[in-house]
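A short worksheet on the structure shown next.
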Amino acid sequence: MTTPSGANWSVADSAALYGIDQWGEGNFTISATGEVNISIPFASGRVEVPVIDIIRQSRDRDHHLPLLLRIENLLDTRISEINQTFQQAIRKFSYTGNYHGVFPVKVNQQRTIIEEISRFGEKFGHGLEAGSKAELLLSLATLNDSGLLICNGKKDRDFIDLGLWANKLGHRCFFVIESPIELPLIIQRSRELGIRPLIGLRIKISAKVGGLWTETSGDRSSFGLNTPQLIATVDALQQADMLDSLQLLHCHLGSQIPDLAEIKAAVREASRFYADLVAEHVPLQYLDLGGGLAVDYVGNQSLHSHSRNYTIDDYCCGIVETIKQTLAPHKVKHPEIITESGRATVAHTSILLFDILNVMRYEAITLPDHCPANCHPLITQQYQLYKHAPTIDLSTGYTAALTNRDMIREGFRDGSIRLRERAVAENLFLAILHTLSKRIDQLADIPPSLAGLKSSLADIYYGNFSVFQSLPDSWAIGQMFPIMPIQRLDEYPDRNASISDLTCDCDGKLDRFILSGGESRTLPVHQLNSGEDYILGSFLMGAYQETLGDLHNLFGATNVINIRINRDGGFDILEEQSGDTIAEVLAMLEYQPSSFYKGFRDKIEFAVKQKAISVAQRQQILKQFSDQLQGQTYFKT
Ligand code: PLP
């Protein structure tokens, strides 16, 4: 079978290449005209909205690229899916407890996200998990009446007081104790305020899980009580006459766990803790299994650290069945199950959209028709290689071209090769590699000696975004997100590129991509058409990225819009938020833009006095300075 290319390329080929049907899980499709659509199911049928239409409408409102697009329907879909799938599993296994979902606020603290989880989640009793005082405050202000409030993290007196008052206000607010030193203050404040606390104990289980966050589990995890500490804490609660407060057992296994067998092993161990504590008359009611439900970023349901070898249904059934089976010999009442799925709840909601500003190509600019006269013997050698590149043995040709290139550069450094000769030689080198690369395309398998050839010729596409601000996990922990063009998918993407961002940092790049054929160092892209935008989307961006992002090179938050797609095929723009202005970003770094402006004004007034600039020029420069302070940090096209 030949690989489709050029004239016979179709949108189905693009779908297969970028793997959108796999990682998109039906939420994203490609239209017959080659555009990425957001696809939302309604009782009356699916509604598909082209992402480019949303970008146009956003631009009309002065929100240009880069843009973070949040699709509220996709958030609701995930909340429903997690809750309903657990409910089905509970029915399937005749489990007698209920399920309670809790969203860990740290995964995406943005107001619109938390408000929607609270609003839409109310019918499922979906609650929130707070890990700091700020998260507790926002949870208290936002949480619906039916959801649980789980407090992890370190708790000082203010935190504890507020959590206790929350119970008076009708919330079920659990303090999860992660370290033995937290208990005395909780007991003291509870007595002083006369409010019984609700307490959970976070345990360290020995079962280790794989993936990128293995350190969250196991003996050396920095969170949770080891077994002796657990027993000592239970005894301390008993002595304080507060054992009735201890209603929850908590264990968080880690995030993005690829293997269901490991999740089940950990749940089995947690259930054994639960059973033996109940046997000791601890009045436990809830078993909180934390996060870990993975997102299939790769879309191949595998043990890859960015995938998972299970469906949501497998996950829910696996948990419910394992708890039931483990508790059966102990005749323990089935606990209420809590999970704190963050990533799996919000990842699908957001897409980062950015335009490509320009391209660097690794191609010969000009090539000589004959070997340049009187040139260095190494250049003659490279010229001969160039002539024989269509037929020479691939590995021999590649190695020889590299060796010649390196010797020519050495010759340039020691002065025996001139600058113009070096330029000719580098053009020849690139031409040789391109010829070899085209020949490699005809091979079924690429020999290991030629593995780096194609990526060394890839273009660099310069994107209007900052990796550090918008995809921090890709820089910090090598997280991959599905990235693809959002238009022209009916055209063959005949270029391969890595992507560089706007920062002046060599880490500000994307060079690991998810393609349906597996992982790739380059992304197939189209040539830029002059006068036309070329826009890429980075998908499944809703978890962890927004607040972890930083201001490297002072690129601030991007524009954001939240939309809801309607059954009539239209969409509403629910919220729009302009990205940070330069003045706002500078203010975060202790500058005061007003005095900043004054400093610049003094400088410019001095230049007028020195007659370096005219008064008219002064006016023009000052206006530009103050306009730019109010402008955004990204590239204006
Ligand atoms: N709960 C706790 C205590 C966590 O620390 C985390 C994140 O690491 C989560 C829940 C969310 O995990 P995930 O995003 O994998 O669902």
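The values are calculated or read from the model by the stated rules, or taken from the named source; none is laboratory data. Since the model is a prediction, treat every value here as computed from it, not as a measurement. With ideal geometry, Cβ positions are generated from the backbone for all residues, glycine too; neighbour counts draw on all protein chains shown.
Structure notes:
- Scanning region 221-237 for residues that are more than 16 Å from the ligand (Cβ to nearest atom) and either assigned to a loop (DSSP other than H, G, I, E, B) or surrounded by fewer than 15 Cβ atoms within 10 Å (Cβ to Cβ) (or both) yields N226, T227, P228, I231, A232, D235.
- Entry remark, region 127-156: residues being more than 17 Å from I82 (Cβ to Cβ), within 16 Å of the ligand (Cβ to nearest atom) and β-branched (V, I, T) number 0 in total.
- Checking I195, I199, I186 one by one, the residue that is part of a helix (DSSP H, G or I), at pLDDT 95 or above and in contact with a helix residue (DSSP H, G or I) (Cβ under 6 Å, 6 or more places away or on another chain) is I186 and no other.
Results for (1) more than 18 Å from A266 (Cβ to Cβ); (2) in contact (Cβ under 8 Å) with a residue 24 or more places away in the chain; (3) in the same structural domain as D259 (by TED's automatic domain parsing), shown as yes or no for each residue.
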residue	(1), (2), (3)
G292	no, yes, yes
R308	no, yes, yes
K333	yes, yes, yes
T349	yes, yes, no
F354	yes, yes, no
L385	yes, yes, no
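- Taken together, R422, R488 contain a single residue that is under 34 Å from the mean Cα position of the chain (by Cα), of a type in the set (K, R) and surrounded by 13 or more Cβ atoms within 10 Å (Cβ to Cβ), which is R488.
- Only residues that are within 30 Å of D355 (Cα to Cα), assigned to a helix (DSSP H, G or I) and charged (D, E, K, R) were counted in region 592-637, giving 2.
- Residue count, region 284-320 (criterion: in a loop (DSSP other than H, G, I, E, B) and more than 27 Å from the chain's Cα centre (by Cα)): 2
- Filtering D259, D296, D288 for residues that are touching a Cys at 6+ places or on another chain (Cβ under 8 Å), charged (D, E, K, R), at negative phi and within 16 Å of the ligand (Cβ to nearest atom) leaves a single hit, D288.
- Those residues of region 554-563 which are surrounded by 17 or more Cβ atoms within 10 Å (Cβ to Cβ) and either of a type outside the set (F, W, Y) or out of contact with any helix residue (DSSP H, G or I) (no Cβ under 8 Å at 6 or more places or on another chain) (or both), in sequence order: G556, A557, T558, N559, V560, I561, N562, I563
- When L140, L67 are checked against the criterion of being surrounded by 18 or more Cβ atoms within 10 Å (Cβ to Cβ) and in contact with a Leu (Cβ under 6 Å, 6 or more places away or on another chain), a single residue qualifies: L67.
- Within region 26-63, the set of residues being under 23 Å from the mean Cα position of the chain (by Cα), within 26 Å of I114 (Cα to Cα), outside any strand (DSSP E or B) and not β-branched (V, I, T) comprises G26, N27, S58, H63.
- Selection of region 271-283 for residues being under 12 Å from L230 (Cβ atoms) and under 36 Å from the mean Cα position of the chain (by Cα) yields F273, Y274.
- The lone exception for K438 - which of (1) at pLDDT below 95; (2) not in a helix (DSSP H, G or I) it fails: (2)
- Among the residues of region 321-361, those that are of a type in the set (V, I, T), part of a helix (DSSP H, G or I) and more than 16 Å from the ligand (Cβ to nearest atom) comprise T322, I323, T326.
- Residue check, G542 over 17 Å from D501 (Cα atoms), touching a Ser or Thr at 6+ places or on another chain (Cβ under 6 Å) and either surrounded by 18 or more Cβ atoms within 10 Å (Cβ to Cβ) or assigned by TED's automatic domain parsing to the domain that holds N108 (or both): yes
- The set of residues in region 595-637 that are over 36 Å from the mean Cα position of the chain (by Cα) and among the small types (G, A, S) comprises S595, G599, A607, A612, S614, A616.
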